[in-house]
Every structure is written in C-alpha cells, then in structure tokens.
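In what follows, a structure is listed as structure tokens, so that the remarks can point back to it.
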Amino acid sequence: MSEFSSFLLGTTIKCIVVIAVLIGAVAYTTWLERKVVAHLQIRWGPSRVGWHGLLQPIADVLKLLLKEDMTPGQASKFLYVLAPLIAFVPAALSITVIPFGNVAHFGSQTVRFQITDLNVGILFIFAVTSVGVYGVALGGWASNNKYSLMGGLRSSAQMISYELSLGLSVVSVLLVTGTLSLGQIVDLQGGRWFGIIPKWNIFVFPLFISFFTYFVSAIAETNRLPFDLPEAENELVAGFHTEYSSMKFGMFFLTEYINMITVSAIATTLFFGGWHGPTFGPLWLRGILPLFWFVSKIVAFLLFYIWTRGTLPRFRYDQLMAFGWKFLVPLSLANVVLTSLVVAWRA
Amino acid sequence: MQTIVFFIFAFIAVAAAINMLVQKHPIHSALSLIVVMAMLSIFYVMLYAEFLAVVQVIVYAGAIMVLFVFVIMLLNPREESHRTRQNRFLLVAGVPLGLCLMAEIVILLRRAPLGENETGRQLVGTTEAVGRVLFTDYLLPFEFISVLILIAILGAVVLTKREL
Amino acid sequence: METMRFNLESGQVESTAGKAETMILSMGPQHPSTHGVLRVVLELDGETVIKASPDIGYLHTGMEKLSETKTYAQVLPITDRTDYLAPMSNNLGYIMAVEKLCGLQNEIPLRAQYVRVIMVELNRIASHLVWLGTHAMDIGAMTVFLYCFREREQILNFFEAACGGRLTTSYFRVGGLPSEIPPDLVPRIQKFIKEFPGRVDEYETLLTKNPIWLRRTQGVGTISAQNAVAIGLSGPSLRATGVDYDIRKKEPYCGYEKFEFRVPTRTEGDVYARYLCRVEELRQSQKIVQQALDGLPGGPIRADCPKYVLPDRNKMKTEMETLIHHYKIITEGIHPPVGEVYHAIEAPKGELGYYLVSDGGPKPLRMHIRGPSFVNLQALATMCEGRLVADVVAVIGSLDIVLGEIDR
Amino acid sequence: MVPLNYFLILAAILFCLGVIGFVMKRNLITMFMSIELMLNSVNLTFVAFSRHINVLSGQIFVFFVMVIAAAEAAVGLAIIVAFYRNRESLNVDEVDRMKL
C-alpha cells in the first residue's frame, strides 16, 4: 500500500505541476501569438504591461475574471454552464500521456517526465479529444443564438470529419513503430543514422506525408485559421461562443490554446523525436536538456500556427468539408496503404 | 478497494440511465446516456479490456452520440409531451413490465452456476491481443462488417437526400 | 427550424406554415462584417441563402434635407460625412455641381484642377485601401488590413497637411482651392507615390494567387453585364462585368483627359474580378498622381469671379470693391442663378452625382445625392441568392459600400 | 476483484431501464437512445464473461456490436431526419400514418 500511496502522491504532484505549467504556457502562448502577429503586421503588440508586455497575459486573466458573467435569458442554463467545462477538461486530460522529457535522477529519486505511459496512449488522446466536441456543440446549442447554433453545428461536423484524417495519419506512424504507447514511440526515435540524421519518424520514408495530413487536420481540429470556421468572426460574429463572457469565455479560450499545445506536443512526439536532442554537460543539465528540446520543438510548431494565422485567409464551410473528405482523407488512406507496403517490404 | 470503486460508478451509471428516462428534452437524455457510456468504459478498464474501454469512448461517446446530439441540434425538437393519442396503456405497463424483466434476470443470475475465475491466467484485452484474434479467428466477420458499414453509409446518404 | 418569414415591405415576421426548414438570420446591424450598420435579413436553408434583403436606414441623418437649410458653403462639410472614406471625392462632386450651377466650370485655374486631381486620386487610393483591407479581413486574412492602413495613414497625413482635416476634409471651394498647398507636400507625396507600387505588390503576394483566396472569390457573387447595367451598378463593380464605363474617360472633368491611364475591366463579374479591378485601379491612380505631380503648373488657385469666389485676402485689404464682395459672400453666401444641374464624377465607389436646384437664393432649394453605394447595394440580393452565408460576407465586402452614403 | 455477478446485475438493471425507456418514451430519438442503452448493457455482460472465462471472443463481439451500433445510428438517424422533414414531429405514434 505504501508503494501505491507514493505512486498516488507522485502522480498528484505531477498533475498539479503539469496543469500549472500548462496554464502558464497557455498564457504565454497568447502573449507570443499577439506579439508575433503584431510584428507580422507591423505593429507593436502588447507593450504597456510589463517589459515588452510580458505581464499582459496576467492582466488579461484578471480582466476575464472581473468581467460580468452573463447568461442569456432564453439559454438552457445547465448546459450553458456545463459546455465550457466539457470543452476544457478533455483538453487538459489529453496532455497526461505525453512524455515531455527523459527519465531524470534527482538524488535517489527517479522522475519520469510523463504523468502516465498508457499502452493505448494515442487512442486515449483520440478518445479524450473526441469528447471535446460536445463542449463546442453544446455551447453553441445552449446559448440559444442562431450564430452560436451555426457555429456549434459547423464545429461538430468539422471536428468529426477531420478526426478521421487525423486518426488515419497517425495509423501510418503506428504501422512503422508498432506500438501505441507514446513513451515507446519516443524511445524508438533515439539515436542517429550515419551519425548525422536523427532517427526521427519524419525522416522515415512515407511518414512525411502523414505528418502533412496530421498537421493540416490538426489545425482544423483546433479550429485555427484557415479552418477557424466555428468561430469565424466575420460571418458568425464569434461562432459558438458568441454569448459567452467572463471566465466561461476564458475556458473556451484556454481550451483552444491547450489544444494547440497538445497537438504540437503530439506532432513532436510522433514525428520529431519527442524530447530527443543533443545532450551534454553535467548530470543536471542532461536531465533538463530533453525538456528544453521538447519545449523548443513545441514553440516552433506554435510559431508555425501563428504564422499561418497571420498569412492565410479563411476557407468557406463547404470548401473545408470538401478539402477534408475529398483530399485529406483519401490522401491519408493512400498513405496508410503505402506505409504498410513499405513496412511489409522491409520485414 | 475495487468493489467500492465499482459501486460508486455503478451508482452513477444507473442514476444517469434513470435520468435519461426522466428528462424531457432529448438533449439532456443524450448527455445522460453519454455519462452511462463513460461509466461503462471505466468498467471495461476494471475488466482489463483496455482497448475496448478506449474504443467505447471513441466510437460511442465520440462518434455515435455526437451524431445524436448533432441531429437533435439540427431538428431542435420541442420538449416531449406525454400526451399520446394511442397506446396509453404502454405508459402504465412499461415500468412494471421492465421491473418484472429485471426480477427475472436477477433470479436467473442467482441460480446460475457462476464459479470464480478458475484459471489463474489473467486475460488482458490489449490492442495487440484483440487485434490478433480479430484478424485470425474473426477475419471473415470483420470483413463482412466492413461491408455492412459501407452499406450503412450509402443508406444514410440516400435517406437524407432531400428528394426521396 | 423556424417557420417564420420576414417581410421587408411590412417589416413583419410572417408565418409560412408548411414551408419549414428555413431560418431567418438577421445579419446586422451590429455584425462585424456588414461594414457599418447594414442589416441583411437572410432567409437560410441550412447555410444556403434563399433570399437576402438588405435593410437600411440605421444611419439616417437627413443630410439631403439638411442641405436645404444651409448656404452653399455650409453644405460642404455635410458632404464629407456621406462617403466618409472618400471625403475629397464628395467635396469635388458637390463643388463641381455648384460651379456648374454658377457657370464657372471653365474658369477654374489649371493649378487648382491639378491639385484637385491629386487629392481625389489619393483619396481613391485611400478608399480602395480601406476596401481591400476590410474585404480581406472579411475573408479571414488579417494582415492585409494593417498593411493597407499603414499606407492610408500616410495619405491621411497628406490631407491633414493640405487642409487640416483627415477624414472631414471639406477641402475644395467654389472656384478652386481655399489655400495654397504647403510647399513640402509635393515632395512628400512624390516619395509616397514612388514607394506605392511596391506596396501594392506586397498586398498582391498575400492574396492574388493565394489558392484559398481564389476559392473564396472566384465564381462568387456573379452578376452579368446586362443585369449590372439594369440595376445601375457603377464604378469597379460595373467594370468587373466587362462594361467599360468610367466617367473620367467618358465625360472628362478636372482635366482628366490630359492624363494617361487605363480603365481596368474584367468580364467575369464575380468577387475576384471586382478585386482585380480595384487593385489595378490602385496602380492607375498612382500613375495619375505621378503625372499630376510632375506636371503641376504654377499660377492662381482660385478663379477670378468675385460674385461666387472669395477674393484674395491681400486684395481684400486694399480694394474697396473686393471687400464688399467678400462681405457679401461671407454674410449672405453666394446666389447662383435659377436653374437645376446634375454633375457626376467618378468616385472610388462609382458614379457620384449631385443634383442641385437653385431658386436664386443663397441656399439650395433641393439637393439630391446619387450615391454609388446605395445603387450598388441593390445588387446584393441577386448576388447572394443560392450562395452560402460566408459568401454574403465576401459579396458585401466586394461591393465596397459605405453606409453613410447609403442612408444619407 | 469485483465478482462477475455484480457486473451482470448492473447490466441487467441497465438493460431493463433501456426496455422501460423504449416502451415508455414516445420520442423517436429517445427511443433510439434506449436501444443504445440496451446494446451497451449487453456489451458489459460480454466483457464480463470474457474476463470470467478467459476468452477474448467476448471482447471481439463487443467490437462488432459497436460497429453495428454505429451503422445503425447512421441509418436510424437518417430515417429520423427524413421522418421529421415530412411530419415535423418526432412522435412515434405518427409513424403509422402511411400518407402525409
């Protein structure tokens, strides 16, 4: 029982730390986004609160907390309150199976930088994120607003459609690695070919196609430009969260950014070698460096996200669906076939 | 320990199922059903069927019930009224009939010779194990069912086309 | 979903039992992309627009009626506020109509004409920049918006240097200009105009060949040339259908015949064609401004016509007669001869016409503005029918309407 | 280790609730959901027995049931949508009218 309780304690501490770090990361992702987009658009971005606006996220959170929390009169109250929670919890849950660092030794304690390594890790993420659709759909429905309803309907259709190509593109990674556990997938990507090229999945022959399909569908899953149809502010005002204010809106906001981070983390784990990277120096540095590589890879993805947002216009709803079903799904299906042929040929 | 967990979740499952019947608006019923399914997923984990547990959430909660919610949102029906024109006796008869059925099953279960798990082997429904059985012993049904689902897709598309 | 239908004529919501599955979506007047306070009542089947009925009047300020109570000089600031993105064009249209009424149209000194052309064409650029930025933003490309506003800002600075106002310029006067332009303005505009084609290239790299942009705009909101003429479309929206009609070419005013420029036309008549036409107009306007700056003549800036035009201030201080004219114009206003006149110019958005009736008094008996936005808006219903909600936004953006001019 | 019986009884309760719902409810969608509840409860017995007798077949059946449930949901909901289009109602008592 003591082993069990120490496990429980360890996991609880990990969870608290991860959630705290995650929310902090979200706050600073918003800062990063505002800053980078601002510079793309030749303006300054946040620059008043703190040095280079570094305290801006805190001010934003305070503003959200202090704002009046309104509920539309005709709204279905229970669901209206529930929806942001349904959106938020799965988003936060899916981070639990992602390994963000190597095993580190602190004195006698060994710490694995991962909350739990499920052997159905990827499936778990899919399961959890598929529940997140309800938050958006119900939020749209419960607000009793036509714009919200259309946003909700759009998003449920979009998320279901793109989950398909998302899943299919991951299948080819599974074919190559032969495991569903994210920890093992990362372990398999250690080492180098010819001493130079890291053994990342992206460099394995057909997997760059699945990376492409994965990342495009991931952008759609997270409702970001050019696929941000559910909240297309120029058509649907603010889509499913038109009626939301204060911290309920903040939850949706948080969810979007957590999803961005999760998706980038999965992409890093599946295709870019997770926390692998050159390690050197004393022991403590060796423990920290994987974490650093992991975070920098994620930041690179986030920057790409922000870059697309600053550059591209938005798809139309029917084009989005056509793109998903007529291009991405067939492409990822063909990629699965191709990958299995390659795997069979190698074996 | 496990038994306590079981009872907690079983209670939630039954409560949610009852709530599904009591709620008037279909969307509340659908949400209650999702809770039931989530609880079942937990039971699958307790029964070491981890693959099924995940698939339960992906397929039932993530796909089928989303479809339900989607249709409910699309049609936006009003709250159900219990004033039915015909078959009013079903209302009266439904609950006793169901309770009778339940009693029968419970009585049968009490008589059934269900011993403890004899073999010491711990069967774990990992993805690999399930996949192995699925693609060896059950390959033919698997193929059939993929055809079935294709037909279902076609059927759904044809049915929802405006001009029937 | 809802069995109601909005009847625009009666303003009532009517029940259409049996015609289920359509939803009435009231888009606006507070909607991020209806460009002000336009309300479009959409009847939707799913996301397909069955009927789009623009509902206007939320910005009505009675400008035309108000003009009847003001002297000719006092009407000028009112015109700033019609199409507030192109105040110079409005000023010019009104001033030229008054000049026509007074029979002054051939008296305007060359320098004044050139400055007018420079200002109006700069204003065309500024107006098109706002259009481009907001149109791109409606379709989801945010960055273009800020790029466009960067250039527009410079143009507004020029306006400020010339007349003190950025949006409400009230610049031109009957007979010419109110004052000489500041000496450093010409080189500043020269510098801006030199850089400008590169800036247009910058916008075009973000949009013109972008596949998403093409998909969103090509084949959307199509209108045939015949329909466009029948509705009365004008400006780039008309030229995008293939009708080569530009007042600057057909009935040149302000000396436009002296400048070399091309009137861009397309034949598709869709959102993309309108986009290309306007972007090309940016380049052509740049050429016109360049030519006008290069050939800017010296000389007086006001016509010598003491009955209608304020005299030179120094002269007024020395000559008795001039002082009397000045006094009369300032206290009573000008008294154009009895008659009526219509004068149209090519504003950024299309044909902007001013119709004035004079009874010989100091105030117009009647003023009517033929605003291009108002007429162009009529095309919205035809363009949106059968399209999706997202297309409505694209079409509204491509029509380039300003509600200040529609509601007047 | 939770005894097999517990799972079976729970499944029985859920199944009977499904039956009650199916008989009592007049709304097509809720009736449909009751059927799903019954299917789910049967799935639970499958998994419980699979664990009990140490054969994976039970889990495979559950897998098949899920796929069939998905197919059924697709077709069933399509029928419900078509029905609603014609009748503007989801009441099951109106299904028996053959003409509009």
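The values are calculated or read from the model by the stated rules, or taken from the named source; none is laboratory data. Since we're looking at a predicted model, the values are computed, not measured. Quick reminder, even Gly has a Cβ in these numbers, built from the backbone with ideal geometry, and neighbours come from all protein chains shown.
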Counting only residues in region B:88-141 that are at pLDDT 75 or above, part of a loop (DSSP other than H, G, I, E, B) and of a type in the set (S, T, Y), the one surrounded by the most Cβ atoms within 10 Å (Cβ to Cβ) is identified as B:Y138
Per the filter on region D:69-80, residues surrounded by fewer than 23 Cβ atoms within 10 Å (Cβ to Cβ) and more than 7 Å from chain B (Cβ to nearest Cβ) are D:E72
Just one listed residue, out of C:V243, C:V220, is touching an Asp or Glu at 6+ places or on another chain (Cβ under 9 Å) and surrounded by 15 or more Cβ atoms within 10 Å (Cβ to Cβ), and it is C:V220
Within region C:179-199, restricting to residues that are assigned to a loop (DSSP other than H, G, I, E, B) and either in contact with a Pro (Cβ under 8 Å, 6 or more places away or on another chain) or touching a residue at least 24 places away in the same chain (Cβ under 8 Å) (or both), the one that is surrounded by the fewest Cβ atoms within 10 Å (Cβ to Cβ) is C:E180
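Condition check ((1) among the small types (G, A, S); (2) more than 29 Å from C:R111 (Cβ to Cβ)) across all residues:
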{"site": "C:I301", "(1), (2)": "no, no"}
{"site": "C:T322", "(1), (2)": "no, no"}
{"site": "C:E351", "(1), (2)": "no, no"}
{"site": "C:G361", "(1), (2)": "yes, yes"}
{"site": "C:L365", "(1), (2)": "no, yes"}
{"site": "C:M383", "(1), (2)": "no, yes"}
{"site": "C:D400", "(1), (2)": "no, yes"}
{"site": "C:G404", "(1), (2)": "yes, yes"}
Within region D:85-95, residues at the interface with another protein chain (Cβ under 8 Å from one of its Cβ atoms), touching a residue at least 24 places away in the same chain (Cβ under 8 Å) and surrounded by fewer than 21 Cβ atoms within 10 Å (Cβ to Cβ) come out as D:N91, D:D93
Residue set A:P90, A:P99, A:P84; condition crowded, with 21+ Cβ neighbours inside 10 Å, more than 14 Å from chain B (Cβ to nearest Cβ) and modelled with pLDDT of 85 or more; output residue A:P84
Among residues of region A:311-347 being buried (at least 20 other Cβ atoms within 10 Å of the Cβ) and among the small types (G, A, S), the residue farthest from the other protein chains (Cβ to nearest Cβ) is A:S332
### Message
Would you confirm, using the coordinates I've provided, whether D:F32 is in a helix (DSSP H, G or I), more than 7 Å from every other protein chain (Cβ to nearest Cβ) and under 25 Å from B:V95 (Cα atoms)?
### Response
yes
By residue number, the members of region C:96-131 that are within 14 Å of C:P252 (Cβ to Cβ) and outside any helix (DSSP H, G or I) are C:Q105, C:N106, C:I108
Can you find a residue in region B:61-71 that is more than 7 Å from every other protein chain (Cβ to nearest Cβ), at pLDDT 85 or above and more than 15 Å from the chain's Cα centre (by Cα)?
no
Checking D:G21, D:G58 in turn, the sole residue that is within 7 Å of chain B (Cβ to nearest Cβ), at negative phi and free of Cβ contacts under 8 Å to residues at least 24 places away in the same chain turns out to be D:G21
Expected single match for touching a Gly at 6+ places or on another chain (Cβ under 9 Å), small (G, A, S) and more than 30 Å from C:L388 (Cα to Cα) among A:S264, A:S340, A:S296, A:S332 is A:S296
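One line per residue, one yes/no per condition, for (1) crowded, with 21+ Cβ neighbours inside 10 Å; (2) assigned by TED's automatic domain parsing to the domain that holds C:G176; (3) in contact (Cβ under 8 Å) with a residue 40 or more places away in the chain:
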site: C:L38; (1), (2), (3): yes, no, yes
site: C:V49; (1), (2), (3): yes, no, yes
site: C:T69; (1), (2), (3): no, yes, yes
site: C:L85; (1), (2), (3): yes, yes, yes
site: C:E107; (1), (2), (3): no, yes, yes
site: C:V115; (1), (2), (3): yes, yes, yes
site: C:L132; (1), (2), (3): yes, yes, yes
When restricted to A:S246, A:S264, the only residue among the polar types (S, T, N, Q), surrounded by fewer than 20 Cβ atoms within 10 Å (Cβ to Cβ) and either away from chain C (no Cβ under 14 Å) or farther than 30 Å from A:A322 by Cβ (or both) is A:S246
Residues in region C:138-161 that are hydrophobic (A, V, I, L, M, F, W, C) and over 20 Å from the mean Cα position of the chain (by Cα) total 6
Picked from region B:41-56 (must be of a type in the set (A, V, I, L, M, F, W, C) and within 15 Å of B:T3 (Cα to Cα)), the residue nearest to the other protein chains (Cβ to nearest Cβ) is B:L47
Subset of region B:12-29, residues more than 19 Å from D:V47 (Cα to Cα) and surrounded by fewer than 24 Cβ atoms within 10 Å (Cβ to Cβ), comes to B:I12, B:A15, B:A16, B:I18, B:N19, B:L21, B:V22, B:Q23, B:K24, B:H25, B:I27, B:H28
Filter region C:142-160 for residues that are within 13 Å of chain A (Cβ to nearest Cβ) and of a type in the set (A, V, I, L, M, F, W, C); the one that is surrounded by the most Cβ atoms within 10 Å (Cβ to Cβ) is C:C148
Residues of region D:28-48 being surrounded by fewer than 22 Cβ atoms within 10 Å (Cβ to Cβ) and more than 26 Å from D:I60 (Cβ to Cβ), in sequence order, are D:M31
For region A:36-52, pairs from a residue that is more than 12 Å from chain C (Cβ to nearest Cβ) to a residue that is not basic (K, R), with Cβ under 6 Å and 6 or more apart or across chains, are A:P46/A:G53; A:P46/A:Q56; A:S47/A:G53; A:V49/A:L55; A:V49/A:Q56; A:V49/A:A59
From the option list D:N40, D:N27, single residue qualifying as in contact (Cβ under 8 Å) with a residue 24 or more places away in the chain and within 21 Å of B:P141 (Cβ to Cβ) is D:N40
Taking region C:298-351 and keeping only residues that are under 20 Å from C:Y72 (Cα atoms) and part of a strand (DSSP E or B), one is left with C:R302, C:G339, C:E340, C:V341, C:Y342, C:H343, C:A344, C:I345
| Has region A:272-292 got any residue that is assigned to a helix (DSSP H, G or I), surrounded by 16 or more Cβ atoms within 10 Å (Cβ to Cβ) and among the basic types (K, R)? | no
Any hit, region C:316-334, residues being of a type in the set (K, R) and touching a Phe, Trp or Tyr at 6+ places or on another chain (Cβ under 8 Å): no
Over region C:294-306, the set of residues surrounded by fewer than 18 Cβ atoms within 10 Å (Cβ to Cβ) and touching a residue at least 60 places away in the same chain (Cβ under 8 Å) is C:G295, C:L296, C:P297, C:G298, C:G299, C:P300, C:D304
Of those in region A:193-229 that are of a type in the set (S, T, Y) and part of a helix (DSSP H, G or I), the residue nearest to A:M321 (Cα to Cα) is A:S217
